[in-house]
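Trainee: Please find one structure pasted underneath; my questions will follow.
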Amino acid sequence: MILSDRSILNAIETRDIVIEPYDRSCLGTNSYDVHLSKYLACYIDEIIDAKKHNSVNHFEIGDEGIVLTPGKTYLGSTLEYTETRKCVPFLEGKSSVGRLGIDIHATAGKGDVGFCNHWTLEISVSQAVRVYAGMPIGQLIYFMVEGDVEVDYSSKVSAKYNTRTPKPVESMMWKNSF
């Protein structure tokens with residue numbers, strides 16, 4: 001079941017959902033709009049190795065925006081810090097962003113109960129496009145969880161993305177055993 005605007009507001013009041021900064025005008029009928037932060041990152045090496053820690057170069061979007069080009073993986077982050085305690089957040093791109101040829105996530109659209117951080121975006125573009133810090137980039141949709149969660153994400157020893165940061169975080173696949 002997807003939470004309605006009233007249900008999202010109730011969850012914000014009880015702190016089951018935390019959004020910082022929060023702006024009531026970003027609340028839709030059944031979603032909350034999030035914005036692109038000023039932080040981006042790109043992998044330094046041309047070849048990314050899933051078994052090693054791949055370093056990234058962090059940089060900021062200036063007032064004039066920045067042109068993203070096809071064939072490159074950009075890691076971005078949401079301006080908003082979020083927490084969820086009793087529901088599963090899903091991040092989807094806004095249709096206006098998709099119509100610009102921008103994808104904001106390749107595979108990581110679902111969060112976990114207990115996820116507490118800014119969202120890292122896996123941005124790719126189909127043609128060159130200029131983006132700006134603060135522009136609407138996606139929307140969070142919240143699904144109710146049936147039953148109690150035994151161990152939420154923020155309490156998991158194996159959680160790889162618990163360190164709070166406003167900057168995008170590179171893949172931590174290398175921490176897995178395979």
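The values are calculated or read from the model by the stated rules, or taken from the named source; none is laboratory data. Every value quoted in this text rests on a predicted model; they were computed, and no experiment measured them. Cβ: placed from backbone, ideal geometry, glycine included. Neighbour counts: every protein chain shown.
Trainee: Pairs under 6 Å by beta carbon, first residue hydrophobic (A, V, I, L, M, F, W, C) in segment 113-124, partner outside any strand (DSSP E or B) and modelled with pLDDT of 95 or more, six or more apart or different chains?
Mentor: 121/104; 123/104
Trainee: A follow-up question, please. Can you find, within segment 156-178, the residue that is farthest from residue 75 (Cα to Cα) among those that are in contact with a His (Cβ under 6 Å, 6 or more places away or on another chain) and part of a loop (DSSP other than H, G, I, E, B)?
Mentor: Only one residue tops the list, namely 166.
Trainee: Sticking with this structure for a sec: Taking segment 54-111 as the region of interest, how many residues are within 29 Å of residue 16 (Cβ to Cβ) and in a strand (DSSP E or B)?
Mentor: Matching residues across segment 54-111 total 18.
Trainee: Determine if segment 169-177 includes at least one residue that is surrounded by 14 or more Cβ atoms within 10 Å (Cβ to Cβ) and either closer than 21 Å to residue 20 by Cα or of a type in the set (Lys, Arg) (or both). Step through it out loud before you land on a result.
Mentor: Going through segment 169-177, the residues surrounded by 14 or more Cβ atoms within 10 Å (Cβ to Cβ) turn out to be 169-171, 173-174.
Those left that are additionally either closer than 21 Å to residue 20 by Cα or of a type in the set (Lys, Arg) (or both): 169.
Among the residues of segment 169-177, at least one is surrounded by 14 or more Cβ atoms within 10 Å (Cβ to Cβ) and either closer than 21 Å to residue 20 by Cα or of a type in the set (Lys, Arg) (or both), which makes the answer yes.
Condition check ((1) surrounded by fewer than 20 Cβ atoms within 10 Å (Cβ to Cβ); (2) more than 10 Å from the chain's Cα centre (by Cα)) across all residues:
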site	(1), (2)
80	no, no
95	yes, yes
105	yes, no
109	yes, no
140	no, no
150	yes, yes
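Trainee: OK, next. Could you give me the residue pairs with C-beta distances under 8 Å whose first residue belongs to segment 82-97 and is over 17 Å from residue 156 (Cβ atoms), whose second residue is of a type in the set (Phe, Trp, Tyr) wherever it lies, and which are 6+ apart or on separate chains?
Mentor: 82/115; 82/119; 87/142; 87/143; 90/142; 90/143; 91/119
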